[in-house]
Amino acid sequence: MNEHVCPHCGASMKMYWHHLTPLLVETLVLFYKAVCDKAENCVHMPKDISELTKTQYNNFQKLRLHGLVAKVKVGGVRKRGHWLITRRGAQFLKGELALPRDVQTFRNRVVGHKGRMVRIGDVLGSEPYVQSIDDFEFDIYEFEPTLKQYKTNTKEFSDD
């Protein structure tokens, strides 16, 4: 039996760490240039940015885990493929905001932070770095269901 899956539903129990790397920050700078060129904080990926490398394009969405970009919503509905720079992203680009170097995710949601606080100069001043598969860190989420969860989620354990 795989110890990295939920014994009840089979979902992954891994929590991943994502580092704020020079590659991600360079991608944010290119995205900011596209926003300026378009004169609108609504950029389609990849139609409006032609100079992204495949690696930059594939890792772009990780910027949202740090709160630097977000998907565009119109009337509460996501506009497919369109992204914007958040206020936090703009402050980071200006050097006004320091962020934790690492964020931890569990099932696509941020659940933790670690590492020192970094500003844009701290990240871009380092050597370009791309995480390889061996560099990914993860922890296992410890799930301990309560009796109440069993009663509400399964008929097998309910009092009915």
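The values are calculated or read from the model by the stated rules, or taken from the named source; none is laboratory data. This structure is a prediction, so every number in the text was calculated from the model and none was measured. Quick reminder, even Gly has a Cβ in these numbers, built from the backbone with ideal geometry, and neighbours come from all protein chains shown.
Here are the numbers for the structure shown:
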| item | result |
| --- | --- |
| Selected residue (criterion: surrounded by the fewest Cβ atoms within 10 Å (Cβ to Cβ)) from residues of the range 89-104 that are touching a strand residue (DSSP E or B) at 6+ places or on another chain (Cβ under 8 Å) and of a type outside the set (Gly, Ala, Ser) | Pro100 |
| Number of positions in the range 44-60 that are farther than 14 Å from Tyr32 by Cα and either among the charged types (D, E, K, R) or touching a strand residue (DSSP E or B) at 6+ places or on another chain (Cβ under 7 Å) (or both) | 2 |
| Test result for Leu97, in contact (Cβ under 8 Å) with a residue 24 or more places away in the chain, in contact with a helix residue (DSSP H, G or I) (Cβ under 7 Å, 6 or more places away or on another chain) and either farther than 30 Å from Cys6 by Cα or not in a strand (DSSP E or B) (or both) | no |
| Which numbered condition Gln131 misses (of (1) of a type outside the set (Gly, Ala, Ser); (2) modelled with pLDDT of 90 or more; (3) in a loop (DSSP other than H, G, I, E, B)) | (2) |
| Residue check for Glu26: in a helix (DSSP H, G or I) and not β-branched (Val, Ile, Thr) | yes |
| The range 100-124, residues that are among the basic types (Lys, Arg) and without any contact (Cβ under 8 Å) to a residue 40 or more places away in the chain | Arg109, Arg116, Arg119 |
| In the range 35-47, residue surrounded by the fewest Cβ atoms within 10 Å (Cβ to Cβ) [restricted to those that are assigned to a loop (DSSP other than H, G, I, E, B) and free of Cβ contacts under 8 Å to residues at least 40 places away in the same chain] | Ala39 |
| Among the residues listed as Ser12, Ser50, the single one being loosely packed, with under 11 Cβ neighbours inside 10 Å and polar (S, T, N, Q) | Ser50 |
| Check on Lys73, basic (Lys, Arg) and in a helix (DSSP H, G or I) | no |
| Residue in the range 107-121 that is within 14 Å of Leu20 (Cβ to Cβ) and either among the aromatic types (Phe, Trp, Tyr) or touching a helix residue (DSSP H, G or I) at 6+ places or on another chain (Cβ under 7 Å) (or both) present | yes |
